[in-house]
Amino acid sequence: GAGVSQTPSNKVTEKGKYVELRCDPISGHTALYWYRQSLGQGPEFLIYFQGTGAADDSGLPNDRFFAVRPEGSVSTLKIQRTERGDSAVYLCASSLMGQGNTEAFFGQGTRLTVV
Amino acid sequence: GQQLNQSPQSMFIQEGEDVSMNCTSSSIFNTWLWYKQDPGEGPVLLIALYKAGELTSNGRLTAQFGITRKDSFLNISASIPSDVGIYFCAGQEPETDKLIFGTGTRLQVFP
């Protein structure tokens, strides 16, 4: 597609449930990033994929969070046993190579609310 | 997670006024970026700075990369209503292009 697409745009879930958030990067972009943005804050890095592999997952807050990119294109961020503190906007970005000075393009985000 | 210090936190100005905001870091970055985020959207890149001391313009926007590589500022001249939004600075890590964002400056422009 023309830009980075994220689905769903909004997700409300009950505490303790499992959720999956999807990101469709720009076609041909090998680098893919997930960020989390809490209200009134800047986005915070979660995980970076180069192709199919997670090159840097140092931003994942704990082992309830996991992300995959099995074919090097679409990525899914998975959150188990959701907690109210997981409520935030989850942003996905992609870039051409991710190896220095390439612009990352962001999707519109998925707003997750855990009740 | 790590965030850069950005000020001011918010600004309320009249249309036509100039605006200045800045960003500081305890770490050195080789690339500084400035983004704008509108409600319900992801951040959009405004200006990228690649060299310490560099001054770059994009229309009414001017940004500078500090000589110490630990700070940057963004100026907007002759503000207009569509400048309303949240502005973020970001330092970019060289090997991965991972971004460390600032805390944001919320800009409100009154006619």
Go over the candidates A:A88, A:A104 one by one and state the one that is among the aliphatic types (A, V, I, L, M) and facing chain B (nearest Cβ under 8 Å). A:A104
Flag if A:T52 is surrounded by fewer than 18 Cβ atoms within 10 Å (Cβ to Cβ), touching a Pro at 6+ places or on another chain (Cβ under 9 Å) and away from chain B (no Cβ under 13 Å): yes
From the residues in region B:9-43 that are assigned to a strand (DSSP E or B) and modelled with pLDDT under 95, which one is nearest to B:P81 (Cα to Cα)? B:L33
Can you give me the ranges of the strands (runs of 3 or more DSSP E) entirely in region B:54-111 with at least 3 residues that are within 14 Å of chain A (Cβ to nearest Cβ) and crowded, with 16+ Cβ neighbours inside 10 Å? B:85-92, B:99-101
Does A:Q41 fit the bill of being surrounded by fewer than 18 Cβ atoms within 10 Å (Cβ to Cβ) and modelled with pLDDT under 95? yes
From the list A:S94, A:S38, A:S5, A:S9, exactly one residue is within 13 Å of chain B (Cβ to nearest Cβ), within 17 Å of B:G42 (Cβ to Cβ), of a type outside the set (D, E, K, R) and in contact with a His (Cβ under 7 Å, 6 or more places away or on another chain). Which is it? A:S94
Check region A:96-109 and report whether any residue there is hydroxyl-bearing (S, T, Y) and within 23 Å of B:G40 (Cα to Cα). no
Sort out which residues of region B:44-53 are of a type in the set (A, V, I, L, M, F, W, C) and assigned to a loop (DSSP other than H, G, I, E, B), and write them in order of number. B:A52
Taking the conditions exactly as written (within 11 Å of chain B (Cβ to nearest Cβ) and in contact with a strand residue (DSSP E or B) (Cβ under 9 Å, 6 or more places away or on another chain)), does A:L46 satisfy them or not? yes
Can B:Q2 be described as assigned to a loop (DSSP other than H, G, I, E, B), closer than 21 Å to A:Q37 by Cα and not acidic (D, E)? yes
Is there a residue in region A:52-74 that is touching a residue at least 24 places away in the same chain (Cβ under 8 Å) and either of a type in the set (V, I, T) or closer than 18 Å to B:E41 by Cα (or both)? yes
Determine, yes or no, whether B:L49 is buried (at least 16 other Cβ atoms within 10 Å of the Cβ) and modelled with pLDDT of 95 or more. no
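The values are calculated or read from the model by the stated rules, or taken from the named source; none is laboratory data. Bear in mind that the values here come from a model prediction, so they are computed numbers and not experimental data. When we count neighbours, we look across all protein chains shown, and the Cβ atoms used for this are built from the backbone with ideal geometry, even at glycine.
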